[in-house]
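Below is one structure, written out as structure tokens; the observations come after it.
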Amino acid sequence: MENFSRIMKKDPVIQLMKQGEEVFWLNSQKISFEKSMDHCELGQKDVDEAEQGLLRFAPLIQKYFPETEAQNGLIESPLVEIDAMKQRMNETYESALEGKLLLKEDSHLAIAGSVKARGGIYEVLKHTEDLALQHGLLNPGESYARLGEPDAKKFFRNYTVQVGSTGNLGLSIGIISAVLGYRVIVHMSADAKQWKKDLLRSYGVDVREYEGDYGEAVKRGRALSDADPNSYFVDDENSRNLFLGYSVAGKRLQKQLQEMHVTVDEEHPLFVYIPCGVGGAPGGISFGLKQIFKDSVHCFFVEPVEAPCMLLGLATGLHDQISVQDIGLSGKTQADGLAVGRPSAFVGGIMKTMLSGEMTVQDDKLYDYMRDLLETEKIFLEPSACAAFQGPVCENHRAEWNEYLKENGLAEKMKNAVHIVWATGGSLVPKEIREEYIHTK
Ligand SMILES: *Cc1c(COP(=O)(O)O)cnc(C)c1O
């Protein structure tokens with residue numbers, strides 16, 4: 001790593017982060033969507049391929065997970081208006097939000113109950129398709145429901161899928177892989193919640209626990225997987241397929257907005273707030289949204305004050321060459337899905353010219369937002385997901401926000417604005433744990 005005092009000078013936000021303060025950072029490297037796509041290794045064509053892949057697997061998903069029947073085997077979440085929460089935020093946190101406030105309920109995605117049901121499941125399906133084609137399990141034109149037959153399941157039993165996880169990625173990869181027939185090993189970091197490990201074990205998944213953080217679990221998992229030619233390691237930091245699985249959210253959200261008669265264009269800007277861990281989920285979703293809404297969508301990531309790894313990577317330009325521990329932060333947070341000390345350099349590289357900015361949030365506020373949403377809308381989210389509310393809440397209190405509106409010619413358009421808080425997890429949290437969260441101060 002570079003000399004510490006040189007790093008601190010790269011951006012004044014780093015000093016504030018080091019002090020554990022909540023920050024609002026605007027990305028000075030953001031450029032127009034068109035220009036940022038000039039150097040991008042991925043494009044809408046890749047997103048469309050992922051969408052097509054998911055369609056091919058829809059009959060199989062529907063067979064194994066009947067709850068997806070209403071959507072013909074697609075895994076997609078509701079988009080709902082949360083007007084009572086908007087009022088609560090404006091009253092309690094003086095957030096002065098105008099326009100519409102919507103909640104994207106990836107917390108309620110089928111199979112894994114979190115945003116990881118987008119990327120994680122696509123990643124495993126893609127691998128499954130590769131294996132099936134390579135070994136002649138599918139005849140041309142045959143329905144993928146075929147891959148759920150006993151002999152196919154027996155075939156997949158010869159293969160192992162492994163992943164390192166703070167919890168939700170493990171749940172998503174673990175459940176889908178186990179159901180398809182694979183042997184599965186999930187390498188869990190110390191932050192992972194007990195109920196997530198228990199749930200995975202109930203599917204017959206081999207859950208291994210490590211003392212260290214997420215980085216340690218990934219390292220051990222990768223080494224073990226690399227030693228076995230029949231094992232596939234899901235690489236949360238570098239996988240293009242995982243990223244593309246998340247990115248299918250773009251077109252699907254466009255359709256949902258149209259069905260709700262909500263317009264997004266130059267006169268009706270869209271603001272999206274997504275909790276960020278290693279970066280794949282918020283990066284992939286933002287990438288997908290950018291393809292569709294281009295410069296009319298403004299994407300913000302939210303991270304815990306103790307684990308703002310993506311912000312640190314972007315603000316320093318060092319990406320995965322710096323960790324939050326390097327600036328004296330613990331990396332520890334109640335938001336287990338965001339407890340990551342080092343970001344994905346792949347995602348940082350794509351987002352550095354597309355992302356509008358980042359906010360950080362203190363852990364105790366996550367529980368306040370959780371209770372607010374439960375009281376006003378009767379919707380439960382896990383603490384990690386509640387980080388997204390910090391986006392709209394902090395805007396009215398920050399000079400940076402007005403600066404952003406002015407620079408982008410948005411000040412007069414905010415009455416027409418649409419704000420989407422991306423709820424990334426929660427529907428699988430057991431009842432007793434919900435009670436515990438609700439009473440956490
Ligand atoms: C994983 C996760 C995120 C962030 O996703 P990354 O790909 O790690 O950035 C956000 N919220 C929840 C609930 C998650 O599980």
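Of the residues Asn408, Asn416, Asn396, only one is among the polar types (S, T, N, Q), more than 16 Å from the ligand (Cβ to nearest atom) and touching a Ser or Thr at 6+ places or on another chain (Cβ under 6 Å); which?
Asn396
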Just one of the numbered conditions (1) under 25 Å from the mean Cα position of the chain (by Cα); (2) within 19 Å of Asn241 (Cβ to Cβ) is not true of Leu97; which one? (2)
Residues satisfying the stated conditions in region 324-345, i.e. over 20 Å from Trp422 (Cα atoms), in contact with a Pro (Cβ under 9 Å, 6 or more places away or on another chain) and polar (S, T, N, Q): none
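Checking the conditions here, which among Pro282, Pro304 is surrounded by 17 or more Cβ atoms within 10 Å (Cβ to Cβ) and touching a helix residue (DSSP H, G or I) at 6+ places or on another chain (Cβ under 6 Å)? Walk me through how you get there before you give the answer.
Numbers: Pro282 fails: touching a helix residue (DSSP H, G or I) at 6+ places or on another chain (Cβ under 6 Å).
The unique qualifying residue is Pro304.
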Given the conditions (1) within 13 Å of the ligand (Cβ to nearest atom); (2) closer than 18 Å to Ser32 by Cβ; (3) out of contact with any helix residue (DSSP H, G or I) (no Cβ under 6 Å at 6 or more places or on another chain), which single one is not true for Met351? (3)
Are there any pairs, at least 6 apart or on different chains, whose C-beta atoms fall under 7 Å, with the first in region 259-277 and surrounded by fewer than 23 Cβ atoms within 10 Å (Cβ to Cβ) and the second hydroxyl-bearing (Ser, Thr, Tyr) and part of a loop (DSSP other than H, G, I, E, B), and if so, which? none
Report whether or not Leu103 is more than 16 Å from the ligand (Cβ to nearest atom), closer than 30 Å to Glu412 by Cα and modelled with pLDDT of 95 or more. no
Tell me the residue from Glu395, Glu375 that is more than 14 Å from Ala307 (Cβ to Cβ) and at pLDDT below 95, please. Glu395
Within region 361-393, can you find the residues that are within 15 Å of the ligand (Cβ to nearest atom) and out of contact with any helix residue (DSSP H, G or I) (no Cβ under 8 Å at 6 or more places or on another chain)? Ala388, Gly391
Has region 249-269 got at least one residue that is of a type in the set (Gly, Ala, Ser), closer than 25 Å to Leu312 by Cα and within 16 Å of the ligand (Cβ to nearest atom)? no
If you check Phe65, Phe24, which single one turns out to be touching a residue at least 40 places away in the same chain (Cβ under 8 Å), of a type in the set (Phe, Trp, Tyr), surrounded by 13 or more Cβ atoms within 10 Å (Cβ to Cβ) and within 27 Å of Asn408 (Cα to Cα)? Phe24
I'd like the full set of residues that are of a type outside the set (A, V, I, L, M), within 15 Å of the ligand (Cβ to nearest atom) and assigned to a helix (DSSP H, G or I), limited to region 274-321. Gly280, Pro282, Gly283, Gly284, Ser286, Phe287, Gly288, Cys309, Gly313, His319, Asp320
Tally time: how many residues in region 336-348 are away from the ligand (no atom under 11 Å from the Cβ) and in a loop (DSSP other than H, G, I, E, B)? 2
Residues of region 386-406 classified as acidic (Asp, Glu) and surrounded by 15 or more Cβ atoms within 10 Å (Cβ to Cβ), total: 2
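Just name the residue that is surrounded by the most Cβ atoms within 10 Å (Cβ to Cβ) out of those in region 322-335 that are hydrophobic (A, V, I, L, M, F, W, C) and away from the ligand (no atom under 11 Å from the Cβ).
Among them, the one singled out is Val324.
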Pair list, Cβ under 6 Å, 6 or more apart: region 308-328 residue among the small types (Gly, Ala, Ser), other residue within 16 Å of the ligand (Cβ to nearest atom) and part of a helix (DSSP H, G or I): Gly313/His319; Gly313/Gly348
Six or more apart or on different chains, Cβ atoms under 8 Å: show the pairs whose first residue is in region 71-93 and surrounded by 15 or more Cβ atoms within 10 Å (Cβ to Cβ) and whose second is of a type in the set (Ser, Thr, Tyr) and modelled with pLDDT under 95. Met89/Ser95
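The values are calculated or read from the model by the stated rules, or taken from the named source; none is laboratory data. Note that this is a predicted model, so its numbers are computed, not measured. Ideal geometry is used to build each Cβ from the backbone, glycine not excepted, and the neighbour counts take in all protein chains shown.
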